[in-house]
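The block underneath contains the structure these notes are about, expressed in structure tokens.
The values are calculated or read from the model by the stated rules, or taken from the named source; none is laboratory data. This structure is a prediction, so every number in the text was calculated from the model and none was measured. Here Cβ is always computed from backbone atoms with ideal geometry, including for glycine, and neighbour counts include all displayed protein chains. Heavy atoms of the whole protein, side chains included, go into the accessibility calculation; ligands, DNA and RNA do not. Shrake-Rupley method; radii C 1.70, N 1.55, O 1.52, S 1.80 Å.
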Amino acid sequence: MSQNGKPKIAFFDFTCCEGCQLTVIDSLQTHPELLDVVDIVQFREAMSEKGEDYLVAFIEGSCTRESDEERLRKIREQASIVIALGACAHLGGINSLKALHPLEDVRKYVYGDKADWYETYDARPIDAVIKVDGEIPGCPIDRDEFIACVKALLMGKKLPIPDYPVCVECKLKENVCLFKKGKVCLGPITRAGCNAICPTYGASCEGCRGYITNPNDDSMREVLAEAGLSVDEITSIYTMFTTYQVQQKMKQGKETV
Amino acid sequence: MIANKSYVTLADYGSVDNQLFMPVPTRIKKVVSLNDLNKLFTLELPGGMSLDHRPGQFVEVSIFGVGEAPISITSSPSRSNSQFELCVRKVGDLTSAFHNMRAGDIVGIRGPFGRGFPIEKFRGKDILFAPGGLGLPPLRSLINQVLDERAHFGRVIILYGARNPDELLFKDELKEWGDRKDVELLLTVDKGEENWKGHVGVITTLFKEISIYPRNTIAVTVGPPVMYRFVLMEFLAKGITEGNIYLSLERRMKCGIGKCGHCQINNVYSCQSGPVFPYSEIKGLEEAL
Amino acid sequence: MSVTIIQKQDFPDFVNRLLSQFRVSGPVEEDGGYAFRVIENSDDLRLDYPTTILPPKKFLLPTKETLFEFDKSGNGTVQAPVVEPRTVVLGVHTCDLHAIKLLDRVFSTGHIDPNYTLRRKQTLIVSIECLTPCDENSFCKSMGTLSADDGYDLHMTDVGNFYTIDIGTEVGEELLQYAKTAPATEENMKKLNAVISEKWPRFPYRLDFDISDLPSLLNMSMKSPLWEELGERCLACAACTNVCPTCFCFDVRDEIDLDLQHGQRIRKWDSCQLDEFATIADGHNFRQSRALRQRHRFMRKGKYILEAHDYLGCVGCGRCARACLVDITPVGVFNELYRQKEVGGQS
Ligand code: SF4
Ligand code: SF4
Ligand code: SF4
Ligand code: SF4
Ligand code: SF4
Ligand code: FES
């Protein structure tokens, strides 16, 4: 609690584009009353106030270095509630794509001949390192959903993240289905909550919010194959955001990509 | 005049019952903690209103901002007028929010809903109650009504099983019932504890302890879905007929008024025709058990 | 009922006059598809549309609506919401008209639903006769919904240069004060009859059995292996139920403002195809498998709803078939069950 009695929420960023924090700032434009109910502590500030406690720590970005882990554990100690904010923190996200290539190649590609100066390892979601209490999915997150989540946290409720697919929102908006236009879409297995924003603008859903609890993978793959995608293309659309999850499954021998 | 671009409210149509979805603000009078997960709430409707429920019925409880959830009424109509009791287990958002409330706070109530136990058909009969775990709270309403009208019934047998001694609910009342000469109470727990001197084993193991006169017995069970198949087998093995076996089927009752579809068991809206059913009525329903 | 005509050239004027008096909605073209939208101009109307993605049901049972507003401070007062103004829905096809008759039955009997009933009273329906099948997915002729005797305020038929108009209700008749109409002449009636009798052969019967046999067919099919097959294919995307004019299952939730005091209880469309639909608070799902959910859906369409409300739960509009990415269709399912029964019967 701050001195004014408002609960403190803090934002921390790891490896990401910071698009989610931009969305948070955006949400303050549409919901300025958010500042009436919480104190937002910027991350640098937050880190300097040692021993300070937060009601909620929102963590943006994925963990990509050994040294991130220590920082994450500190945050976990200071915050009552830790929420992964956005696809990178939630899933490992786009950052995990590099795991599909040998690490040395990635380092050379990204850092050129300075590769050896930087420590890096396979990108992973925050919950691979510390316990998280909830996730706000999306790349970037959805503004209204973020506000709804803050309200839920203040009321001590579960985060109101749907467990049904994007197609539900897409149909209610009366979009013409992309499959009818010769395109493909991961809407049938992707967790809703973005209000089907991509199909609404004619772009394929790429699954940035992760999948619903019980996706029918086999059938989805068949639908994509029937739409003309090769096995490789299916793999790459499938792993755009969930490389980490797919690789974990492979390690457990549950799935072949 | 039909042409009219203005907006209207429900109040403009007097003939429509605009209260259907609107909960009645109801004050919490008392909260008693039964164990880690279960609390007993005594509630009072405003203006001396009476709930007028039957044992086995449920109400929809609202906590504004959290939502609404069905909760069975645990008090007996014979003991409550404007006051009634709900036993609330903390399992989701609504029940967690409910657990945070104190005496004096307000919750919203709609109902009562559903078909309760047809107690008038039970008169003159021996009654065998077999609640399992959380099945006691809904059944307690019926048990207490039967006990309050004790002279109208034959034997009263209660077989109550829980996972462990801590999960046995309403311990004071269990003691009262156990002390009565006109009640046969047998308790069991799946797993005993140090201080537990009683019977250990699942509820079905109690059946061999009793003998009944099946033609004059009404059997009633409420418990988790997995329990029903086994308890039903025991009832039938004792020779009780399907029409004399009653059970209550929990479903996701969203509206309570036969519209939303969530509570359907095959073609049956359990919020309307249930949650209490004679076994003979649901035997043919694939989705019932 | 008496038949009136309105010349096509006079129709835009009728719509524009309605627009000055009512909220008017009708089919419009959007991105290569069609949807019922509130229109601002008669030019937007596409009365020759094949079918829409969502049915006009959405004007009576909105995808999301407020049941009441609450204020947690004090005693937690609740207040009824305001509902839309009088709305004329133009161009409703007869399959959708039959679906609305079912919805009226569901929401206006038993516990009368205030929001639905009020919206219904605020809605005027001007339907239009289909003269060619909307596409290969429809099977309205098999379901007996390719024409309608009632359920509309006005019913139009496109007879070339003019529309004939059947007056269904007094309110409908009052609506005609905004139109330049003339009583149908004998010549007009001849043309109308010709158009109607020519239309029927254009529509195929697509079910292999008579619709009156559907409930008993389904009754026999509880244990059919077909449900498992459907469950394997089904994506549980709920597209089929969300586009269906006769689906009326809903969810009820609360939304609250940031002050955590004021908010609304809302109702929104829900679907039996989704995981959460039959799941209770402790996580137990009473219809865990997609196969059982598909079975439930088709049982409702062809049997359960009929038993509860005296109308079939499917009007043959074909929307679900159009929306399904894995080709699960009522015609396919019902005919396959029929085939299985015939084969079973011979063995
Ligand atoms: S466009 Fe995508 S999300 Fe929309 S209905 Fe089609 S598959 Fe589903
Ligand atoms: S439609 Fe798909 S890719 Fe687009 S925001 Fe939603 S979940 Fe992400
Ligand atoms: S089940 Fe399919 S065909 Fe039947 S009414 Fe619904 S959407 Fe139309
Ligand atoms: S299903 Fe039949 S009645 Fe409905 S729109 Fe298509 S053709 Fe017209
Ligand atoms: S539209 Fe098809 S895939 Fe989607 S839930 Fe319905 S039957 Fe299943
Ligand atoms: S609870 Fe809504 S129909 Fe039964």
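Scanning the range C:311-322 for residues that are within 11 Å of chain A (Cβ to nearest Cβ) and either more than 10 Å from ligand 3 (Cβ to nearest atom) or crowded, with 24+ Cβ neighbours inside 10 Å (or both) turns up just one, C:319. Could you please find all residues in the range A:189-203 being open to solvent by less than 40 Å² (accessible area, probe 1.4 Å), within 12 Å of chain C (Cβ to nearest Cβ) and within 20 Å of residue C:31 (Cβ to Cβ)? Across the range A:189-203, the qualifying residues are A:196, A:199, A:202.
Residue-level check: of (1) open to solvent by less than 10 Å² (accessible area, probe 1.4 Å); (2) in contact (Cβ under 8 Å) with a residue 40 or more places away in the chain; (3) out of contact with any Phe, Trp or Tyr (no Cβ under 6 Å at 6 or more places or on another chain), residue C:102 misses just (3).
Of all residues in the range C:144-175, those satisfying the criterion of being in a helix (DSSP H, G or I) and open to solvent by 20 Å² or more (accessible area, probe 1.4 Å) are C:170, C:171, C:173, C:174. In the range B:254-274, the residues that are on the phi > 0 side of the Ramachandran plot form Cβ pairs under 6 Å with partners that are in a helix (DSSP H, G or I), at six or more places apart or across chains, as follows: B:256/B:271; B:258/B:272.
Residue C:96 satisfies every condition listed in (1) within 16 Å of ligand 6 (Cβ to nearest atom); (2) in contact (Cβ under 8 Å) with a residue 40 or more places away in the chain except (1). It is to be established whether one or more residues within the range C:266-279 are open to solvent by less than 20 Å² (accessible area, probe 1.4 Å), farther than 30 Å from residue B:60 by Cβ and touching a residue at least 24 places away in the same chain (Cβ under 8 Å). Checking the range C:266-279: not a single residue is open to solvent by less than 20 Å² (accessible area, probe 1.4 Å), farther than 30 Å from residue B:60 by Cβ and touching a residue at least 24 places away in the same chain (Cβ under 8 Å). When the residues of the range A:151-168 are narrowed to those that are more than 14 Å from ligand 5 (Cβ to nearest atom) and in contact (Cβ under 8 Å) with a residue 12 or more places away in the chain, which ends up surrounded by the most Cβ atoms within 10 Å (Cβ to Cβ)? So, considering only residues that are more than 14 Å from ligand 5 (Cβ to nearest atom) and in contact (Cβ under 8 Å) with a residue 12 or more places away in the chain, the one surrounded by the most Cβ atoms within 10 Å (Cβ to Cβ) is A:153. Scanning the range A:204-245 for residues that are within 13 Å of chain C (Cβ to nearest Cβ), closer than 22 Å to residue A:171 by Cα and open to solvent by less than 60 Å² (accessible area, probe 1.4 Å) yields A:205, A:211, A:212, A:215, A:216, A:217, A:219, A:220, A:221, A:223, A:224, A:227. No other residue among C:250, C:298, C:277 is facing chain B (nearest Cβ under 9 Å) and either modelled with pLDDT of 95 or more or within 16 Å of ligand 2 (Cβ to nearest atom) (or both) apart from C:250. Taken together, the residues in the range A:198-231 that are more than 16 Å from ligand 5 (Cβ to nearest atom) and either closer than 21 Å to residue C:328 by Cβ or free of Cβ contacts under 8 Å to residues at least 60 places away in the same chain (or both) amount to 12.
The criterion of being touching a Pro at 6+ places or on another chain (Cβ under 9 Å) and either open to solvent by 10 Å² or more (accessible area, probe 1.4 Å) or part of a loop (DSSP other than H, G, I, E, B) (or both) does not hold for residue B:47. Just one of (1) surrounded by fewer than 19 Cβ atoms within 10 Å (Cβ to Cβ); (2) more than 13 Å from every other protein chain (Cβ to nearest Cβ); (3) at pLDDT below 95; (4) outside any loop (DSSP other than H, G, I, E, B) fails for residue C:196. It is (3). Set side by side, the residues C:190, C:199 differ, and just one is over 30 Å from residue C:33 (Cα atoms) and either assigned by TED's automatic domain parsing to the domain that holds residue C:105 or not aliphatic (A, V, I, L, M) (or both), which is C:190. For the range A:154-176, a residue qualifies if it is away from ligand 2 (no atom under 13 Å from the Cβ), farther than 22 Å from residue C:275 by Cα and not in a helix (DSSP H, G or I), and the qualifying residues are A:156, A:174, A:176. Within the range C:236-263, residues that are closer than 23 Å to residue C:287 by Cα and more than 16 Å from ligand 5 (Cβ to nearest atom) reach partners that are open to solvent by less than 10 Å² (accessible area, probe 1.4 Å) and aliphatic (A, V, I, L, M) with beta carbons closer than 8 Å, at six or more positions or on different chains, in the pairs C:248/C:61; C:248/C:103; C:248/C:106; C:250/C:61; C:252/C:67; C:252/C:266; C:253/C:266. If you go through the range B:90-108 and pick out every residue that is of a type in the set (Asp, Glu) and in contact with a helix residue (DSSP H, G or I) (Cβ under 9 Å, 6 or more places away or on another chain), you end up with 1. Of the residues making up the range A:4-19, just one is crowded, with 17+ Cβ neighbours inside 10 Å and of a type in the set (Lys, Arg), namely A:8. Counting only strands (runs of 3 or more DSSP E) wholly contained in the range B:213-289, the ones carrying 1 or more residues that are within 14 Å of another protein chain (Cβ to nearest Cβ) and away from ligand 4 (no atom under 16 Å from the Cβ) occupy B:245-248.
Evaluating residue B:84 against the criteria (1) in a loop (DSSP other than H, G, I, E, B); (2) buried (at least 24 other Cβ atoms within 10 Å of the Cβ) leaves one unmet condition, (1). For the residues C:65, C:40, C:69, the requirement of being part of a strand (DSSP E or B) and in contact with a helix residue (DSSP H, G or I) (Cβ under 9 Å, 6 or more places away or on another chain) singles out C:65. Would you check if residue A:202 is more than 28 Å from residue C:288 (Cα to Cα), over 19 Å from the mean Cα position of the chain (by Cα) and within 13 Å of ligand 1 (Cβ to nearest atom)? Yes.
May I ask you to verify whether residue C:191 is more than 14 Å from chain B (Cβ to nearest Cβ), away from ligand 4 (no atom under 16 Å from the Cβ) and basic (Lys, Arg)? Yes, satisfied. Among the residues making up the range C:58-108, those that are at the interface with chain B (Cβ under 9 Å from one of its Cβ atoms) and of a type in the set (Gly, Ala, Ser) are C:74, C:76, C:80. Residues in the range C:120-161 that are within 21 Å of residue C:318 (Cβ to Cβ) and among the basic types (Lys, Arg): C:141 alone.
Consider residue C:29 carefully, then state whether it is open to solvent by 20 Å² or more (accessible area, probe 1.4 Å), among the charged types (D, E, K, R) and not assigned by TED's automatic domain parsing to the domain that holds residue C:157. So residue C:29 does not fit the description; no.
Looking at B:79, B:54, which one is open to solvent by 40 Å² or more (accessible area, probe 1.4 Å) and either facing chain C (nearest Cβ under 9 Å) or modelled with pLDDT of 90 or more (or both)? None of the others qualify; the one that does is B:54.
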